[in-house]
1. Take ILE49 and decide whether it is at pLDDT 95 or above, part of a helix (DSSP H, G or I) and of a type in the set (A, V, I, L, M).
2. Could you check region 401-420 and list, in sequence order, the residues that are outside any helix (DSSP H, G or I) and at negative phi?
3. Return the residue satisfying two criteria in turn: it lies in region 43-73 and is aliphatic (A, V, I, L, M) and farther than 21 Å from GLY109 by Cβ, and of such residues it is most open to solvent (accessible area, probe 1.4 Å).
4. Of all residues being of a type in the set (A, V, I, L, M) and open to solvent by less than 60 Å² (accessible area, probe 1.4 Å) in region 361-375, which is farthest from ASP471 (Cα to Cα)? Just the residue, please.
5. Quick one: how many residues across region 504-519 are farther than 19 Å from ASP492 by Cβ, in a loop (DSSP other than H, G, I, E, B) and either modelled with pLDDT of 60 or more or open to solvent by less than 20 Å² (accessible area, probe 1.4 Å) (or both)?
6. When you check VAL168 against the structure, is it modelled with pLDDT of 90 or more, closer than 22 Å to ALA25 by Cβ, open to solvent by 20 Å² or more (accessible area, probe 1.4 Å) and assigned to a helix (DSSP H, G or I), yes or no?
Amino acid sequence: MISSSAVASLLQLQGQILEEVAHGAALSAIADHLCASAERLADGAVCSILTVDLHGRLHPLSAPSLPQAYSRSLDGVQIGAGVGSCGSAAFLGEPVEVLDIEADPRWDGFRDPVLALGLRACWSSPIKTSDGRVVGTFAFYYRDRRGPTELEQEIVDRCVHLCAIAIVHEEAQARINQLAYYDTLTGLPNRTEFQRLAQQALATLPTGSVLNVHYVDLDDFKAVNDSFGHLAGDLLLVQVGRRLLACAGDGTWVARLGGDEFALVQTCTDGIRDGHLLARRIVAALDEPFDLEESRVGVGASIGIAQTRSGAMPLTELFKRADLALYAAKREGGRTYRFFAPEMEAMVQLRLSLKQDLRSAIAAGEFSLVYQPIVALATNELIAVEALLRWRHPSQGEVSPSVFIPIVEEMGLIGQLGDWVLREACRAAASWPRAIKVGVNVSPLQLRRQGLVLNVINALREAGLPAERLDLEVTESALLARDVATRVALHDLHDHGVRLSLDDFGTGYSSLQLLRTFPFDRIKIDMSFVRDIGMDADSMAIVDAVIGLAGELGLRTAAEGVETESQFDWLLQHHCTEGQGHWFSRPLDAAELHRLLAQAGADGELILPRALRASPEFEHAHPY
């Protein structure tokens, strides 16, 4: 019979391990804690924890009482019915008890190193996830020829369960963290990782070397998307990534910045000569036709190159110069490359002109809002809208938010413009004939401004809009600092009834800590991952993991950029609760939305008509 003190010790261990998992402790540290505690409770036993990868190979995780050389010898061993106790347990999915290692045939080829350590018996149990997948083994080695005691069986039962929790949590964190640094379509570093690697390359640049940044932009990618569809476009991007990797030699790495934009960072001794050679290889490689299923298409690429030596200029300036050089290559017809030249600074005048136009646009009230419908996937019922900012320039017509919002932020006017969006959205929502929610994006600068809570409450009060009908959408990047003021402000708003959504999930750091720190009601899955549904298994696994995580936390999920029936069906089958995008409706102006809401009145269900799927001009525009 197990003593009460042993039971108490096991309960204490369980609480400690669960707390470590919740606080994000390293898996290796958790495993070491488990092994050390198990050995203290099971006097004379030697504990070992191995993990099993997706290819059925063993990897040592913790074995504090075994020599490191022995643990290393197990790394990469393929599991099987006759591969010792652990390899057999992992392969069979059930405990394997070997009372005499020296005589048991399952230890043929593995017993000598163990016997040399004075170990004579081994009992190994598989570590399984809730769906039965074996992810590891937990083993006790004995110096005598014996099996486990009742206490040791209880220890292993508890430790196997705790190991499963810790390993599954580590896997989920790894999958979600992958979103922060790598593009799921091409497998290349994303913009965040590109900036980090470029900074690291510059900081470690050898004396006399040069750092070249190549910005690569496809010339005819939009035509491929328009003619063959987004799936063909994605296939093209994958092939472009492969060709760029083939062009990159030693000292050069490739990233995908987004859309059809790629970048290469090249460390070399002769910046001009080596830059020319690499750019020519890229232009030639991307000028060759691409095979897209039954079609062959040509796109070509333009390249802008900027260079620096360690400490010569900040990366922001280097990136700006590469961008200016890229614009020059585009302006010259594409399928070519250009190095940055000082005269390209003249293009900055265009931005200055746009800045002046923006100042007058704000004063003249040239901005307006359109509303992107958000539907309940299970019923296709309209339940909310997201307010999107538009600017109609007096001479240039509609200007994309992706063009003017960065300039507005640079000018320090995002707070003023953001306040207008908030007030206008609340005012409009209060007048609608149906009480649906309205989502409003909050920029990082707005979050950091004092008075956010008061501004929101005043906007609600002036409009006469109930707080629960306002959903503030906050991006991951806006919360990276996790400063106390932001945390307090969001909690205050939530306490007042305002709903909160974590927007563009997967494009920032995707930290689970954000979901524990801030009172979110909903996770919005970024369109870049929704787009890969049906094409990329990793993307689908990640989206499924996010939906599952949200469900466990009691949060709703909304998929952005739903464009096809297959995406809709997949999301519905995997229990995503909400969706928005071209499949449901283009963004609607105020009058169109009001007419649509009036069709069902205040109480009836409002099912979106398919006629609203017309192609919008700013289908994937900046949220403002």
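1. Judged against the criteria, ILE49 is not a match.
2. Let us first name the residues in region 401-420 that are outside any helix (DSSP H, G or I), namely 411-413.
Within region 401-420, MET411, LEU413 meet the criteria.
3. At the first step, the residues of region 43-73 found to be aliphatic (A, V, I, L, M) are 45-46, 49-50, 52, 54, 58, 61, 63, 66, 69.
Pick out the ones that are also farther than 21 Å from GLY109 by Cβ and you get 45, 49, 54, 61.
Numbers: ALA45: 8, ILE49: 1, LEU54: 153, LEU61: 42 Å².
By that ranking, first place goes to LEU54.
4. So in region 361-375, the residues of a type in the set (A, V, I, L, M) come out as 361-364, 369-370, 374-375.
Filter again for open to solvent by less than 60 Å² (accessible area, probe 1.4 Å), leaving 361-362, 369-370, 374-375.
Working: ALA361: 27, ILE362: 24, LEU369: 16, VAL370: 16, ILE374: 12, VAL375: 14 Å.
Ranking the qualifying residues of region 361-375, first place goes to ALA361.
5. In the first step, residues of region 504-519 are kept if they are farther than 19 Å from ASP492 by Cβ; the result is 504-513.
From the residues that got through so far, the ones that are in a loop (DSSP other than H, G, I, E, B) too are 506-511.
Keeping just the survivors that are either modelled with pLDDT of 60 or more or open to solvent by less than 20 Å² (accessible area, probe 1.4 Å) (or both) gives 506, 508, 510.
Total meeting the criteria: 3.
6. Against the criterion (modelled with pLDDT of 90 or more, closer than 22 Å to ALA25 by Cβ, open to solvent by 20 Å² or more (accessible area, probe 1.4 Å) and assigned to a helix (DSSP H, G or I)), VAL168 qualifies.
This table checks each residue for (1) open to solvent by 10 Å² or more (accessible area, probe 1.4 Å); (2) at pLDDT below 95; (3) part of a strand (DSSP E or B).
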{"site": "ALA430", "(1), (2), (3)": "yes, no, no"}
{"site": "ALA435", "(1), (2), (3)": "yes, yes, no"}
{"site": "VAL440", "(1), (2), (3)": "no, no, yes"}
{"site": "VAL453", "(1), (2), (3)": "yes, yes, no"}
{"site": "ASN458", "(1), (2), (3)": "yes, no, no"}
{"site": "GLU462", "(1), (2), (3)": "yes, no, no"}
{"site": "ASP471", "(1), (2), (3)": "no, no, yes"}
{"site": "SER477", "(1), (2), (3)": "yes, yes, no"}
{"site": "ALA481", "(1), (2), (3)": "yes, yes, no"}
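One line per residue, one yes/no per condition, for (1) within 30 Å of VAL134 (Cβ to Cβ); (2) surrounded by fewer than 18 Cβ atoms within 10 Å (Cβ to Cβ); (3) among the charged types (D, E, K, R); (4) touching a helix residue (DSSP H, G or I) at 6+ places or on another chain (Cβ under 8 Å):
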{"residue": "ILE176", "(1), (2), (3), (4)": "yes, no, no, yes"}
{"residue": "ARG191", "(1), (2), (3), (4)": "no, yes, yes, no"}
{"residue": "PHE194", "(1), (2), (3), (4)": "no, no, no, no"}
{"residue": "VAL240", "(1), (2), (3), (4)": "no, no, no, yes"}
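The values are calculated or read from the model by the stated rules, or taken from the named source; none is laboratory data. Here the structure is a predicted model, which means the values were calculated and not measured. Glycine gets a Cβ as well: all are built from the backbone with ideal geometry, and neighbour counts include every protein chain shown. These area figures cover heavy atoms from the full protein model, side chains too; ligands, DNA and RNA do not enter into them. Shrake-Rupley method; radii C 1.70, N 1.55, O 1.52, S 1.80 Å.
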